[in-house]
Amino acid sequence: MLEHLKANNRAWADRKIAADPSFFKRLVGQQGPEYLWIGCSDSRVPANEIVDLDPGELFVHRNVANLAPPQDANYLSVLQFAVDVLKVKHVMVVGHYGCGGISAAVDGQRRGLVDHWLHPIREVAHDHRHELEALPGEEARLDRLCELNVIRQVRNVASDVFVQDAWARGQALFVHGWVYSIADGLITDLDVTVKDRADMERMG
Ligand code: CO
């Protein structure tokens, strides 16, 4: 079963070793990534590949619609490990235009459990309904909602106690908001980077 994937894997490992004979040996010792990527599960948004980073360089957490819900033990465990143990310097929340999770959150259809998961996006849409309603067309509204969702998740990460404690003890930690475009492969920085509590308060 899945012999093509196993063959792909062997060829990939061979290429890595051909380019750098000690590549895997170095990774066995430890991982020292500088970045935590919080992104969407969408198969078109593969974290390492988009930013051209090797194994060992990017700590990754992905879920539907790149959420950072303050009550989600999975996300919180990843965040604490990344901040307290790995001591990553950057956390990037990465949304993407054309996100199915974003559109599913606001299209009014019932899908079951995922409706609960997507509830925070409906809250963002409600909080920004005047701005969104003023935009011309559904695509523009959904694109903007992708951005607004990223900004909200950046705020969630930055207001988390693990992050607040890291800042209080002087640890350098930047929280960024990015949006990726599937159409051209490019990342847009939303310029909402938070690096300390003062930034956080300015964000409102
Ligand atoms: Co998505």
Problem - Cut-off under 5 Å, modelled amide H: who pairs with Val60 long-range - result: Trp37
Exercise for the section: Report, ordered by chain and residue number, the lysines lying within cross-link reach of Lys89, taken as a straight Cα distance under 20 Å and ignoring same-chain residues fewer than 8 apart. Expected result: Lys195
Practice task
Please calculate the 1.4 Å probe accessible area of Glu138, with all protein chains present, and give it to the nearest 10 Å².
Solution key: 100
Practice task
Kindly report the accessible area of the chain per residue (heavy atoms of protein chains, probe 1.4 Å, no ligands, DNA or RNA), in Å².
Solution key: 56
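Rank these by accessible area, largest first, 1.4 Å probe: Ile17, Ile121, Ile182.
Of Ile17, Ile121, Ile182, the descending order of accessible area is Ile17, Ile182, Ile121.
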Problem - Carbon and sulfur %, accessible surface of the stretch 135-204 computed with the full protein complex present, 1.4 Å - result: 53
Handout entry: Derived scalar couplings ³J(HN,Hα) [the stretch 171-178; Karplus, 6.51 cos²θ - 1.76 cosθ + 1.60; whole Hz; x for Gly, Pro]
Key = 6, 6, 7, 10, 10, 10, x, 10
Problem - Solvent-accessible area of His4 with every protein chain in place, 1.4 Å probe, in Å² to the nearest 10 - result: 110
Handout entry: Candidates per trypsin sites (Lys or Arg not before Pro) in the stretch 121-204, loop by DSSP, up to 14 other Cβ within 10 Å
Key = Arg169
Problem - In order through the stretch 179-186: 3J(HN,Hα) via Karplus (6.51 cos²θ - 1.76 cosθ + 1.60), integer Hz, x for Gly, Pro - result: 10, 9, 9, 5, 5, 10, x, 10
Problem - By accessible area with a 1.4 Å probe, ligands and nucleic acids excluded, highest first: order of Asp191, Asp143 - result: Asp191, Asp143
Exercise for the section: Rounded to whole Hz and in sequence order, give me ³J(HN,Hα) for the stretch 12-24 from the Karplus expression 6.51 cos²θ - 1.76 cosθ + 1.60, θ = phi - 60°, writing x for Gly and Pro. Expected result: 5, 4, 4, 5, 4, 5, 5, 7, 7, x, 9, 3, 6
Completion exercise
Asserting the computed 222 nm helical MRE of the chain (DSSP H runs at least 4 long, -39500 (n - 2.57) per run, divided by residue count, to nearest 500) equals -13500 deg cm²/dmol
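The values are calculated or read from the model by the stated rules, or taken from the named source; none is laboratory data. Since we're looking at a predicted model, the values are computed, not measured. Here the Cβ is made from the backbone with ideal geometry for all residues, glycine too, and neighbour counts use every protein chain on show. These area figures cover heavy atoms from the full protein model, side chains too; ligands, DNA and RNA do not enter into them. Shrake-Rupley method; radii C 1.70, N 1.55, O 1.52, S 1.80 Å.
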